[in-house]
1. Among the residues that make up region 113-135, is at least one of them surrounded by fewer than 20 Cβ atoms within 10 Å (Cβ to Cβ), among the small types (G, A, S), under 28 Å from T181 (Cβ atoms) and in contact with an Asp or Glu (Cβ under 8 Å, 6 or more places away or on another chain)?
2. Tally time: how many residues in region 122-138 are over 11 Å from G7 (Cα atoms) and either of a type in the set (G, A, S) or outside any strand (DSSP E or B) (or both)?
3. Looking at (1) within 19 Å of G240 (Cα to Cα); (2) loosely packed, with under 15 Cβ neighbours inside 10 Å, can you tell me which one R79 breaks?
4. In region 28-47, which residue that is at pLDDT 95 or above, among the hydrophobic types (A, V, I, L, M, F, W, C) and touching an Asp or Glu at 6+ places or on another chain (Cβ under 9 Å) is nearest to S82 (Cα to Cα)?
5. Is it the case that region 104-112 has a residue that's surrounded by 15 or more Cβ atoms within 10 Å (Cβ to Cβ) and touching a Phe, Trp or Tyr at 6+ places or on another chain (Cβ under 8 Å)?
6. Can you tell me which residue in region 251-286 is nearest to M1 (Cα to Cα), limited to those that are among the small types (G, A, S) and assigned to a loop (DSSP other than H, G, I, E, B)?
7. With V140, V133, V92, V121 as the choices, which residue is modelled with pLDDT under 95, touching a Phe, Trp or Tyr at 6+ places or on another chain (Cβ under 9 Å) and within 29 Å of A166 (Cβ to Cβ)?
8. How many of the residues in region 277-290 are at pLDDT below 90 and at negative phi?
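The values are calculated or read from the model by the stated rules, or taken from the named source; none is laboratory data. Everything quoted here is computed from the prediction, not taken from an experiment. Positions of Cβ are generated from backbone atoms using ideal geometry, with glycine treated the same way; all protein chains shown enter the neighbour counts.
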Amino acid sequence: MKIINFGSLNLDHVYRVERFVSPGETVPCLEYTRFCGGKGLNQSIALARAGATVFHYGKIGRDGAVLVRALREATVDTRHISEVDGPTGHAVIQVTDDGENSIIIEGGANQKMDSGDTATVFGLLSDGDWLLVQNEINGVADIFDAAHQSRCRLAFNPAPMTAAIAELPLARVDLLIVNETEGQILTGETQTETILARLRSHCPRGCIVITLGGDGAVCLDGDEIVRQPPFVVEAVDTTGAGDTFVGYFLAAFSGGTSVREALKLGCRAASLCVTRPGAADSIPMLSEVEAAPHHPRHQAPVGPGP
């Protein structure tokens with residue numbers, strides 16, 4: 001069984017600031033760094049570091065070779081990454097000293113997918129394989145249409161959230177992972193249990209997971225609600241925490257681990273991620289996650305990240 005991640009590849013430009021810039025305001029940058037990122041790349045690296053066999057299908061511009069090297073170093077299969085004219089996707093990220101982030105994304109090469117790419121991806125999938133998709137590439141609706149004809153299993157992380165997500169046939173999804181804000185936007189509800197119930201009406205057969213930032217994560221598996229409290233850490237940068245959770249949870253879940261244990265593993269991995277700067281660079285190895293404290297207490301973020 002393999003996982004193909006049909007996902008984005010970004011260069012992250014990270015600016016450390018005292019506080020997020022307001023409209024009409026100019027603020028000094030305390031520190032600038034550049035990292036490999038994109039939800040697709042982050043989740044592929046998290047999957048690989050969690051022990052999964054993962055292939056990445058994506059596109060870069062001429063400035064994106066560093067992203068391919070980062071994936072290869074993480075043991076991700078990169079043979080299906082191609083170069084196109086134009087810039088690589090990139091993100092502009094503000095990070096404050098308390099670890100919060102604010103992000104602007106430019107799609108670049110990630111928006112160059114076409115029907116031929118979708119056909120190629122589904123030609124690579126065998127029965128029982130998993131296809132992971134986010135919302136940082138174009139053609140997501142076409143991917144859902146093709147998934148209807150396939151015997152693969154579909155995992156969907158609808159981030160960043162857009163109005164088009166509500167039009168997708170979520171009934172085809174086998175694993176849906178959202179953060180709390182995305183769940184609220186998608187359903188119009190504010191309470192976790194109600195969000196889960198509304199998502200179940202759209203995604204009747206899938207396992208549904210909501211990451212809750214400082215409150216951990218919760219999963220609706222069939223008719224059972226499983227909760228996972230967070231782990232105590234001192235957050236440095238929450239960038240990439242949600243992607244770390246997605247990769248670790250999917251790696252465990254697709255391998256037959258129980259939902260309860262997969263939630264715990266994902267939350268532990270995300271809690272380590274937020275103690276380090278950057279996105280892909282902050283994703284821990286499985287050995288580090290297994291050595292981390294096993295008893296959750298209070299307030300490690302596992303929520304949104306690029």
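1. Checked region 113-135: no residue is surrounded by fewer than 20 Cβ atoms within 10 Å (Cβ to Cβ), among the small types (G, A, S), under 28 Å from T181 (Cβ atoms) and in contact with an Asp or Glu (Cβ under 8 Å, 6 or more places away or on another chain).
2. Let us first name the residues in region 122-138 that are over 11 Å from G7 (Cα atoms), namely 122-130.
Applying the additional criterion that residues be either of a type in the set (G, A, S) or outside any strand (DSSP E or B) (or both) yields 122-129.
So the answer is 8.
3. Here R79 meets the rest and fails (1).
4. Filtering first and then ranking leaves L41.
5. no
6. G255
7. On the way: V140 fails: modelled with pLDDT under 95; V133 fails: modelled with pLDDT under 95; V121 fails: modelled with pLDDT under 95.
Among V140, V133, V92, V121, only V92 is modelled with pLDDT under 95, touching a Phe, Trp or Tyr at 6+ places or on another chain (Cβ under 9 Å) and within 29 Å of A166 (Cβ to Cβ).
8. Looking only at region 277-290, we keep the residues that are at pLDDT below 90, and these are 277-281.
Next, from what is left, pick out any that are at negative phi: 277, 279-281.
The number of residues fulfilling the criteria is 4.
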